[in-house]
Each structure stands twice: as C-alpha cells, then as structure tokens.
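Here is the structure we will look at.
The values are calculated or read from the model by the stated rules, or taken from the named source; none is laboratory data. Since the model is a prediction, treat every value here as computed from it, not as a measurement. Note: ideal-geometry Cβ built from the backbone for every residue, glycine included; neighbour counts use all protein chains shown. What goes into the accessible areas is simple: the full protein's heavy atoms, side chains included, and nothing from ligands, DNA or RNA. Shrake-Rupley method; radii C 1.70, N 1.55, O 1.52, S 1.80 Å.
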Amino acid sequence: MGTPRTKASPMRRAFRIFVLTLFLFIGGGTIVGYQMFTYPDVATGAARGTVELSIERGATARLVADALAEKGLLKNPTWFRLYATQRGAASRFKAGRYEIAAPITPRGLIDLFVKGAADPLVAVTVPEGKHMLEVVDLIAQAGIADRMALTAKVLDAGFARDLGLPGKSLEGYLYPDTYKFRPGTPADKVLLVLVRRHREVFEALRAKNIEGLRDLRQRLGWGDPQIVIMASIVEKETGRPEERPRIAQVFINRLLFPTFVPKLLQTDPTIIYGCTVGPKILGTTSTACAQFSDRIRRIHLDDKDNPYSTYAHEGLPPGPIANPGRDALEAVMKPDKTKYLYFVARNDGTHQFSATVAEHDAAVVTYQRGGKPLSK
C-alpha cells in the first residue's frame, strides 16, 4: 500500500507562483530591455523606396510619430515618441518637406528631423520687359510662392511705400534675372529679393554714369523714378541691346527739342499697358480700354481717359510699364547723343531711324507699306 499524497500547503503554492512570476518578469524585462536597447537601430517600417513627408511648423512629436506610422516608416509611434523625448529631440524637429529613403531606423529619422529638410532650391528666370503680373505668373508657376499672395503684394501701395518705392505698385522694380528660392517662400520675401537686386544694379549703373544722370536732372528734371519709367518703355520697344541707347535718345529728344510739339512719345506699349495692367493699379478703366482685345485702334489712340497713353498725354506715363534690365536702364542714363526723332520697325527685329518727318514717312512706305505711298 503506497504512501498517501499530501496536498501542498498554501505557503508552498504561493512560493511557486512567486518564483514563476519572478522568472516571467525577469524574462520579459530582459526582452523589453533588449528591444529598447536595439530599437534606435532597427528599421521596423514596411515602406520601401522614397517616402515624402511634410512636418508643419510647431508639429508635436506625437503628430510626427503618427505621420511616420501612417507612411509605413515605423511600427510603434509611441516608442518613437518616447525615444525622441529620451534623446531630447522631441521639440527640435525642423519644419519642412522631407524625402526619406526607406527603410530607415528611428535613429536615422531623429537625426534627419533635427538637421532639417534640405528642400531643393527652385530656379526661376525673369526675362527683361515683363510686367509685374507676368513676373507673378513665372514665380507662381515655378511653385515658389502663392499666386494670389504675390498679386496682392505687387499691387499693394502700402507695401511699395514700405520698400521705399515711389509708385502704387512694384512695377519697374522687379529686376529681371535668374533667382533661386525654396518652394513655399512667403510672397513678400520673394519680391523683396527682386527689388533689392534692382537697387543693386541701379546703384552700380549710377556710379558709372554720373555725368548722364546729371544731364537728365538738369535738362529734364528727372530723378530715379523717371529713369525707370523711360527704361521700361525702351525695354518694350526693342529687344536689340545695341538699339536701346538710340531709342532712349529718340524719346529724350522728343521731350527736349523745342520744335517737337506736342511732346508726345507716341509709343504703343504704353496704350496696351494702360488697358491691361493699368486698371488693376488705378482701380478704373476707360471706355475705350474696355473694348481693347489684342489690337490698338483709333479709339485707343485718342483715349484721353487712359493716363498711360503717350498718344493722348504729353511726357512720361504715370509709372513704369514693365521691369527693365541693365541695358535699358543704362541706355537712359547714357543715350547715344544722336538727333533722331522717329523710328520704324524694319520687320527683322531692327529699326530705321529718322531725323525728319519726311525721312520717317519714306521709311514707313519702305518698311511698313511695301512701297505703297501714304494717303494724303
């Protein structure tokens, strides 16, 4: 007959449970400890290839961690947040657009976000002779700044005044050049760069052409604003740099010569500007301009309600009609001293210049009318 079993005492059962729990705790702690130790250098996300992620200014570590998990760049957003906090990096993430090569470790993500996104610079070229709304289009199309914000700023008289500009807009002072900006740059910062470039070039030209500037001031009473206005007209009249000093001289002669009356510059681009861009500056348009499409007609030549029309008003228009480059600005500061009063297009990109009405009429017959005489 065997020995009867005795039931384990409650104390013994409690001891066994304690020992088992202790082993489980130690084992689990070891596993967790190992995972915590190796976590920073293990890529847990399922994403592969290039993943785009944007971090907004002021985004918390929790928001960033959730976005990373949503993009498949990591598994456990809570662990990432705790790791970022432990490293003291949770409040140092830099806003920006990131292109992340996956898979990537949490350590790699933290290092990337603390360093900041290297957004590629976007280049935009502003050609000579574009008016300000065309410049806005170029910048917006390049993805550099918002079109509506740019338009509002170039037409903002207060912003122009804050920049020390003389007119009601930024027209004439958005210097044509090639620029590089980060995508999403605020509109005012983009435009400020263009205006500063204009000033830089203008000051360099001023230092080179002291005598020409003195002559313009003494004979016409012109300061910097008038030079910019005239340069914008010269810029629109020819794409040939070698012709610009002569065309500038033609217009200056029309204002200076006592025999040339009335003092009408009679340049078509001023009418076009007054009918297309001018109303956005002035807040009103003329009846004739309301009928303008793509061709100047007699009603536009006679339109006294278009303040930009140099057919209806003597002297310079109220402001620039484009943004002139270096050659056009210097052409006004240093015209070629000829006596011409007229020019007509030869239809090959160049112009025929004349000193008298008779010479000019003959050139019009030759180059514009195919030899057909002018009607009496």
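Using packing as a proxy for protection, rank 148-160, 208-220 so that the peptide with the highest average count of other Cβ atoms within 10 Å comes first.
Details: 148-160: 17.6, 208-220: 14.0.
Peptide ranking by packing, descending: 148-160, 208-220.
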Could you tell me what percent of the accessible area of the chain is made up of carbon and sulfur, with a 1.4 Å probe and every protein chain present?
55
Please give the direction-averaged projected area of the C-alpha convex hull for the chain, in square nanometres with one decimal.
32.9
For Lys263, which lysines qualify as cross-link partners when the Cα separation must be under 28 Å and same-chain residues fewer than eight apart are set aside?
Lys130, Lys168, Lys236, Lys280, Lys304, Lys334, Lys337, Lys339, Lys376
Quick one: compute the contact order of the chain, relative version, from alpha carbon pairs under 8 angstrom and 6+ residues apart, as a percent.
13
Identify which of Ile299, Ile252, Ile144 has the largest mean-square fluctuation in a Gaussian network model of the chain, with springs joining Cα atoms closer than 10 Å.
Ile299
Mind checking which of Gly45, Gly325, Gly184 has the largest fluctuation in a GNM of the chain, springs on alpha carbons under 10 Å?
Gly45
Residue-normalised value, i.e. accessible area per residue, for segment 195-340 at 1.4 Å probe, in Å², stands at 47
Note to self: Kirkwood Rh of segment 268-376, Cα pairs, one decimal, Å, is 16.0
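Mind checking which helices in the chain clear 27 Å along their axis (Cα) and have mean Kyte-Doolittle hydropathy of -0.5 or more, DSSP H runs only? List each step's numbers first, then the result.
On the way: long enough: 10-38 (42 Å, 1.01); 187-208 (32 Å, 0.03).
Membrane-span-like by this rule: 10-38, 187-208.
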Checking the cross-link filter: which lysines have an alpha carbon closer than 28 Å to that of Lys75, excluding same-chain neighbours under 8 positions apart?
Lys94, Lys115
How big is segment 55-156 by Rg and Dmax over its Cα atoms, in Å?
18.9, 57
Which of Pro317, Pro258, Pro335 fluctuates most in a GNM of the chain (C-alpha springs under 10 Å)? That residue is Pro258
